[in-house]
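The values are calculated or read from the model by the stated rules, or taken from the named source; none is laboratory data. As the structure is a computational prediction, the values presented were derived from the model and not from experiment. Here the Cβ positions follow ideal geometry from the backbone for every residue, glycine too, while neighbour counts run over all protein chains shown. Ligands, DNA and RNA are excluded from the accessible area calculation, which covers all protein heavy atoms including side chains. Shrake-Rupley method; radii C 1.70, N 1.55, O 1.52, S 1.80 Å.
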Amino acid sequence: MADIELYYQERNPSPLQLVWFAFKRRLAPMISLWLLGSLLLLVILAPVITPYSANVQFVDAISLPPSWTHDGNMQFLFGTDDLGRDMLSRLLIGGRFSFGLPIVIVILASTVGIFIGAMVGADTQSKLRILGRTLDRLLTIPSFLLALVLIAILGAGLGNAIIAITLSLIPQFIYVTRNAVYQEWQKDYVTASRLNGCSNTYLMYRVILPNITPSLVMQLTVALSVAIMDIAALSFLGLGVQSPTPEWGSMLARSLDEVYLSPWSMVLPGISLFVTIMAINVVGDSLRRAIKQRMDT
């Protein structure tokens, strides 16, 4: 805290610079941020940089171990699966579904959820209160179970999985935003701003929402982790991404029968999921702390 205040006194930085200064002081968040940035870049460039097509089969290289092992081949850096498909290519293309799609899902869910939550938190009309109570009931159902129910109604498939996960995450954003906005709306600085003639729209977007940023950032990172796990779990169960399209969860499901013969086919997608979710949680928690420290100075 003292370092941030000294930085502010010496350079008079912007609020964004203060947040970045507080964030980068620790090594783990920076490593996690670079890791996520690199993963996002790989996902975007996957169709260009993959050495082979994700579904092409090499009949002379079935269940080939990774290149760093004794029996490995540099032609296939991460080895091949039981059908002779290149694991590196499948991991990169699978990242578009396991990491890229959850980002889109969270953007959609947060946009809708924050908008509705802000209205419910700032309005005292009985209809909106009833909506809030209804959403509270939905929050008692785990998001994955709610997604399963929606999949049962809509049917299996990637498109329906995206819709189901998005709908299951929206109530969480509404709940967090509603509670945060309601608490801020009761504070003295909001009352003073209203007495000074500020409109409700100005108060919401220029005063209240910036003050609840730490809560929203934390919810965004939690929702992204949940979306990644839900996509992987639905694909693992055969309800999301369908074979032969690669996705880390479906790759885990397929590798179950080959775990003793080719353990790398399970370990590699499993590590990809674990490292990605861990990095998201570290970045989210550190960013929330950095924003909170900036607001306290």
Surrounding charge for residue 269, neighbours by C-beta under 9 angstrom, Lys/Arg +1, Asp/Glu -1, total 0
Under 5 Å from the placed amide H of residue 82, counting only residues 5+ away or on other chains, we find 63
What nm value, rounded to one decimal, do you get for the distance between residue 195 and residue 144 when each label is placed 7 Å out toward the C-beta? 5.1
Can you find, among 75, 50, 156, the residue sitting farthest towards the positive end of the charge dipole of region 33-179, where Lys and Arg contribute +1 and Asp and Glu -1 at Cβ? 156
Quick query: amide H of residue 73 versus all other amide H atoms, modeled in the peptide plane; which residues come in under 5 Å with a sequence gap of 5 or more or a different chain? 67
Bins of 5 Å, starting at 0 and running to the largest distance - Cα pair percent for the chain: 1, 5, 10, 12, 14, 13, 12, 10, 8, 6, 4, 3, 1, 1, 0, 0
Express the accessible area of the chain per residue in Å², computed with a 1.4 Å probe while the remaining protein chains stay in the model. 52
Heavy-atom accessible area of residue 282 with all protein chains present, probe 1.4 Å, nearest 10 Å²? 40
Give me the accessible area of residue 258, 1.4 Å probe, in Å² rounded to the nearest 10. 40
Which order, highest average first, do 215-224, 71-80 follow once you tally other Cβ atoms within 10 Å for each residue and take the mean per peptide? 215-224, 71-80
Near residue 251, within a Cβ-to-Cβ distance under 14 Å, what is the net charge of the other residues, with Lys and Arg +1 and Asp and Glu -1? -2
Accessible area of residue 274 in the full protein assembly, 1.4 Å probe (Å², nearest 10): 130
Percent of accessible area on region 42-296 owned by carbon and sulfur, 1.4 Å probe? 64
One finds, for residue 71 and residue 38 with R0 = 30 angstrom and r their Cβ-Cβ distance, a FRET efficiency to the nearest 0.05 of 0.55
Around residue 82, under 15 Å between beta carbons, what's the net of Lys plus Arg minus Asp minus Glu among the other residues? -2
Taking amide H positions as placed in the peptide plane 1.01 Å from N, state which residues far from residue 237 in sequence (5 or more) or on other chains have amide H under 5 Å from it. none
Residue-wise HN-Hα coupling along region 149-156, computed from phi with Karplus coefficients 6.51, -1.76, 1.60 (Hz; x: Gly, Pro): 4, 5, 5, 4, 7, 7, x, 6
Using Cα centres only, tell me the gap between region 238-297 and region 30-61 in whole Å. 14
To the nearest 0.05, the calculated FRET efficiency linking residue 267 and residue 152 through their beta-carbon distance, R0 being 35 Å, is 0.65
Each residue of region 241-246 in turn: what ³J(HN,Hα) in whole Hz from Karplus with 6.51, -1.76, 1.60 and θ = phi - 60°, glycine and Pro shown as x? 5, 9, 4, x, 4, x
Counting only C-alpha contacts under 8 Å and six or more residues apart, can you give the relative contact order of the chain as a whole percent? 24
Which of the three applies to region 156-272, rounded, prolate or oblate, going by the alpha-carbon gyration tensor with a ≥ b ≥ c and a/c under 1.5 meaning rounded? prolate
